[in-house]
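Peer 1: Input: one structure, supplied below.
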Amino acid sequence: MEAELKDMIDDLESLKRSLPDSSLHASINKLELRVENLTKMAMSATARRSKVKDMSSEVVDSNPYSRLMALQRMGIVENYERIREFSVAIVGVGGVGSVAAEMLTRCGIGRLLLYDYDKVELANMNRLFFRPEQVGMTKTDAAVQTLADINPDVVLEEINVWTISFNILRQKLLGGERRAYKCTRRYRFSSFTLNITTVQGFETFMSSLRNKSFRPSKEGSGVDLVLSCVDNYEARMAVNQACNELNQTWMESGVSEDAVSGHIQLLIPGETACFACAPPLVVASGVDERTLKREGVCAASLPTTMGVVAGLLVQNTLKYLLKFGQVSSYLGYNSLKDYFPTMAMKPNPQCSNAACLERQKECILAKPARDAAAKAKMEAEASSATECSLHADNEWNISVVDDSNPDSVEATSADALPEGLTHELPNADDFKKSPAPGPTDTSIDDLDLLRKQLEALNAD
Ligand SMILES: [Zn+2]
């Protein structure tokens, strides 16, 4: 296969030389690059494990899910296998997104949608996930290559040219005509201006979230959660816009430019603050964030901070999807002080995002029904908790006894041995039954007697 791909590059080179029209060379260069990437992928291809049909809890070394299914056995998660039904979209496969994608892949998530437009560079090697031999590949191609090897059970979908300018959103918020928007696809083609193509990029993003082919019976959109792992405000606003329009719950994440702090945030349209409800001060002041970036100056990044933020993000994703523990509304991380601030943010009734205001209205209308359902659920849980024992299979014969009644303690401890086992040494309880060596009580009369004996001794 590698030889064939090399021949293809040679053919493309000779085709380029034979074409006098140099305007076609750019397309051939693009094809050559893709073939080179395919060659790299073919060279690094390794033997993959075969797919697993059902998640098993069998404790054997060859079971990739035994440690995860143990969460169910230990009573942390009610039904871990449900994870295979869920779809998660990760927007931005950089320092946080790539690690989050790997964690979810290892956890056996059903389907991952990956969005990025960037390529792997040597400058990314201070972070986790990407490898030096993947330099030059698109981040989504490189991620799919690695993730498919780690867990072939996960359905991976990639979209590698997704980006949208804040200009589109600004126009959209003002209710302008979509076709009139102009935006710049930065990074990939600097200052290359498109009009409709990038709008189509946003629509592709929306339709990919709506696509329900993975689980047709799912209500709402085709994904269960969107994770925003991008590094700029305008991309966050694009995710915010899409999720508000689709009524899609999402989680936002970020790491500071100095690499020593980060955060994650849960955003439920209408119920919590959206990203436009409380914009950063610099954006609210009308400053274009692109003007903040100085030539030759780049943000700092640490694999540690990014790894912690990705871990917090995926931990909360698992809690949200599998319904265990408490999902954080906002969780910050200050690595200099190891401080984790938390808070909750209500939606802003004066939010500038029209879709957010619509979701807020719907949320207010649905509140009585939601409260009644939550109350009924709490009551049902409270009554089932009193009826059922905590552990159905009690192989160690652990039981709670009333220690106010000594007889019941003795009876239980004597009967506690499982069938077929006997005590080698006498039961500790037998010591209680042996006669006491002498009176242990010291009555007032004895004290008087002692005092008299002491006085007699002193008198001698
Ligand atoms: Zn809002």
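Peer 1: Give the Debye-formula value of log10 I(q)/I(0) at each listed q (0.26 Å⁻¹), with one equal scatterer per alpha carbon of the stretch 301-373, two decimals each.
Peer 2: Computed log10 I(q)/I(0) values: -1.13.
Peer 1: Here's another thing I want to ask about it. To the nearest 20 Debye, how big is the dipole of the stretch 53-151 about its Cα centre, given +1 on the beta carbon of each Lys and Arg and -1 on that of each Asp and Glu?
Peer 2: Around 140 debye, computed over the stretch 53-151.
Peer 1: If I take every Cα pair under 8 Å that is 6 or more residues apart in the stretch 40-141, average their sequence separation and divide by the length, what percent do I get for the relative contact order?
Peer 2: 21 percent
Peer 1: Only counting other Cβ atoms within 10 Å, I'd like SER62, SER208, SER328 sorted with the fewest neighbours first.
Peer 2: SER62, SER208, SER328
Peer 1: Tell me, how many Å apart are the Cα centres for the stretch 56-131 and for the stretch 1-18?
Peer 2: 37 Å
Peer 1: Another question, then. Rounded, prolate or oblate for the stretch 1-47? Axes are the square roots of the Cα gyration tensor eigenvalues, ordered a ≥ b ≥ c, and the cut-off for rounded is a/c under 1.5.
Peer 2: oblate
Peer 1: If you add up the charges near ALA3, with Lys and Arg at +1 and Asp and Glu at -1, over every other residue whose beta carbon is less than 14 angstrom from its beta carbon, what do you get?
Peer 2: -4
Peer 1: Within a 10 angstrom radius of the beta carbon, how do LYS346, LYS139 rank from fewest other beta carbons to most?
Peer 2: LYS346, LYS139
Every number in this text was worked out from the coordinates using simple rules, so none of it is lab data. Being a predicted model, the structure only gives us computed values, none of them experimental. All Cβ positions, even for glycine, are placed from backbone atoms using ideal geometry, and neighbour counts span all protein chains on display.
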